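First comes the structure, then the notes that go with it.
The values are calculated or read from the model by the stated rules, or taken from the named source; none is laboratory data. As the structure is a computational prediction, the values presented were derived from the model and not from experiment. Please note: Cβ atoms are built from the backbone with ideal geometry, for glycine as well, and neighbour counts cover all protein chains shown. With ligands, DNA and RNA removed, areas are computed over all heavy atoms of the protein, side chains included. Shrake-Rupley method; radii C 1.70, N 1.55, O 1.52, S 1.80 Å.
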Amino acid sequence: MLDHLIKGAAVVDGTGAAARVADVGIRDGRVAVVAPSVTEESRTREEAHGLCLAPGFVDPHTHYDAQLFWDPYATPSLNHGVTTVAGGNCGFTLAPLNPERPEDADYTRRMMSKVEGMSLVALEEGAPWSWHSFGEYLDALEGRIAVNAGFMVGHCALRRYVMGADAVGGQPSGEQLERMLALFHEAMDAGAWGLSTTQSSTHSDGDGKPVASRHAGPAELLALSRAVAEHEGTQLEAIVAGCLDQFSDAEIELFVDMSAAAGRPLNWNVLTIDAAVPERVPRQLVASERARKAGGRVVALTMPILTPMNMSLGTFCALNLIPGWGEILGLPVPERIAKLRDPDVRAEMLRRAGSKEAGVFRRLTHFGRYVIGDTYSAENEGLTGRVVRDIAAERGQEAFECIVEICANDGMRTVLWPMPTDNDPDSWALRAETWSHEDVMLGGSDAGAHLDRMCGAPYTTRFLGDCLRGRKLMGLEQAVKMLTDDPARLFGLRERGRIAEGFHADLVLFDPERIDAGKATLVHDLPGDSPRLDSKAIGVNAVWVNGVEVIRDDVVSGAVPGTVLRSGRDTRTVSTR
């Protein structure tokens, strides 16, 4: 007998093949049968005529490492059909922690709060922090999550465990490097997916210092990469400064050498596609071309939507990362307001924001295009929802000056929504062309991070809605393949990413006439009443993980059938040779 039978859905199986109307039966967590008509008895069944059934979506770049402890459903990703998440990215993980230094847990929490925009209160109150080894961390999640989740080992945690405070600014001795490698092997033996690391100039710890892995030299990175090669089903993930705009020759060489040394794919985040900077995509894909010639593979992640993102002059956000802006926006509020009201200071800030060194952050400096979000003072009453250029014109002000005065009235609490500058037909045409490249993959949501600033988790439903009823840059079958089978194959996931007999029953049932994502809204539902941006799923009827219903009409079921995906057992090696 089947556990559940879905009858008459248009099955989009993840391979790119044409959709076909079929019945799909589930038994013991797997797809038991896919056929035009299934007559076998089932404990439960549902009619799905007019609906589409797809494999569960695979998000290749998340930061749900902490959130899964207080939110086993990984919301809102699960609501939007994501059944498998890859965590432990960008060099940051919550394990391993050295048992001889209890203070390292506090350091890690403060680092995650700063560098990944997680609520410090939520990190302190929402996770048990009961582990030391990476395996113990994975065990702490086992049996209590509703999604499937796999995790890389963060280079910063490896360095901190072995080198302590010297991890920031120091170089490991020969003995320390051997200890780091032994610790890394132990983590992969326990099921870690491989190594994640960062050399990005935007990544600083809770003390404002460059995070530990930024101090690692090529020899250390290559030693760790070679260690990856010794374990089945493992990967590399890396971030460098050039990910934000254009790689330097040295960064390309590093990516190529790391992937070739490991004999494994290396993915990086995120390829920004903008027709106004046509040289960016070809330059970024040079790394992929050279890697293939050297026996490696470098994969660029890119988002198929424009991610909703808010800004603030009051709390840390991407504006702080513009050269010269961080030291001003980091001042106490009264001093910050005084500085920002100085025309000379503003002029210098705008000069640096428009310079080449600002890289991709130049996109954030079209201040006339900003929309005012939440306000908190009588002086700003009626401004919510208005475009800054219109307010500035009424007041006879320059756009950034206008924003400063509005924010000053609110004591810097004003929420600002930048309107994207790359929402033009040429940029969308360039995206569609770039998506077809063999070393470009959809993903890069950062879900679980930057919680009150951006909401990338709903990229799956918004992309499908756009493909079906919007720009129609991609057919449904290919779009589903890009969200399911493509990332599953990159990570070597065993029997996931497709609807096929014998595969795990990770499934999404949706209405093609309605599927979409709702507007990003600020909610206060984290531990400590901390805020985050949320987005409702539209047109998603149900989601199953390992054959168990976890979402019905955007409401979680309470079941936790997810699996902690461990390398080797749940992943096979994707060799580059």
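Would you check if there is a residue in segment 124-132 being farther than 29 Å from Gly547 by Cα, touching a Gly at 6+ places or on another chain (Cβ under 6 Å) and surrounded by fewer than 24 Cβ atoms within 10 Å (Cβ to Cβ)? Yes, segment 124-132 contains at least one residue that is farther than 29 Å from Gly547 by Cα, touching a Gly at 6+ places or on another chain (Cβ under 6 Å) and surrounded by fewer than 24 Cβ atoms within 10 Å (Cβ to Cβ).
Yes/no matrix, rows are residues, columns are (1) closer than 25 Å to Glu335 by Cα; (2) open to solvent by 20 Å² or more (accessible area, probe 1.4 Å); (3) out of contact with any Lys or Arg (no Cβ under 6 Å at 6 or more places or on another chain); (4) in a strand (DSSP E or B):
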| residue | (1), (2), (3), (4) |
| --- | --- |
| Thr384 | no, yes, yes, no |
| Arg389 | no, yes, yes, no |
| Ala392 | yes, no, yes, no |
| Gln397 | yes, yes, yes, no |
| Ile403 | yes, no, yes, no |
| Ile406 | yes, no, yes, no |
| Gly411 | yes, yes, yes, no |
| Pro420 | no, yes, yes, no |
| Asn423 | no, yes, yes, no |
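With the requirement that a residue be of a type in the set (Gly, Ala, Ser) and in contact (Cβ under 8 Å) with a residue 60 or more places away in the chain, what does segment 270-290 give you?
Within segment 270-290, Ala275, Ala276, Ser288 meet the criteria.
Listed here are the residues, each with its yes/no results for (1) aliphatic (A, V, I, L, M); (2) at positive phi; (3) not in a loop (DSSP other than H, G, I, E, B).
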position	(1), (2), (3)
Ala18	yes, no, no
Asp23	no, no, yes
Ala32	yes, no, yes
Thr44	no, no, yes
Gly50	no, yes, no
Leu53	yes, no, yes
Val58	yes, no, yes
Tyr73	no, no, no
Thr83	no, no, yes
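If the condition is being open to solvent by less than 10 Å² (accessible area, probe 1.4 Å) and β-branched (Val, Ile, Thr), then segment 240-274 contributes Val240, Ile252, Ile273.
Selection of segment 431-489 for residues being of a type in the set (A, V, I, L, M), over 22 Å from Asn541 (Cβ atoms) and part of a helix (DSSP H, G or I) yields Ala432, Ala488.
For segment 179-231, a tally of residues being part of a strand (DSSP E or B) and on the phi < 0 side of the Ramachandran plot returns 7.
Please verify whether segment 529-551 includes one or more residues that are buried (at least 18 other Cβ atoms within 10 Å of the Cβ) and among the basic types (Lys, Arg). For segment 529-551, residues buried (at least 18 other Cβ atoms within 10 Å of the Cβ) and among the basic types (Lys, Arg): present.
In segment 428-452, of all residues being open to solvent by 30 Å² or more (accessible area, probe 1.4 Å) and within 30 Å of Thr414 (Cβ to Cβ), the one that is modelled with the lowest pLDDT corresponds to Asp452. Filtering segment 153-168 for residues that are open to solvent by less than 20 Å² (accessible area, probe 1.4 Å), more than 20 Å from Val228 (Cβ to Cβ), in a helix (DSSP H, G or I) and touching a Pro at 6+ places or on another chain (Cβ under 7 Å) leaves a non-empty set.
Look at segment 520-532: where a residue is under 26 Å from Met419 (Cβ atoms) and in contact (Cβ under 8 Å) with a residue 60 or more places away in the chain and a partner is open to solvent by 70 Å² or more (accessible area, probe 1.4 Å) and part of a loop (DSSP other than H, G, I, E, B), sitting 6+ places away or on another chain with Cβ atoms under 6 Å, you get Pro531/His524. May I ask you to verify whether Arg264 is modelled with pLDDT of 95 or more, touching a Lys or Arg at 6+ places or on another chain (Cβ under 9 Å) and over 29 Å from Pro76 (Cα atoms)? Yes, satisfied.
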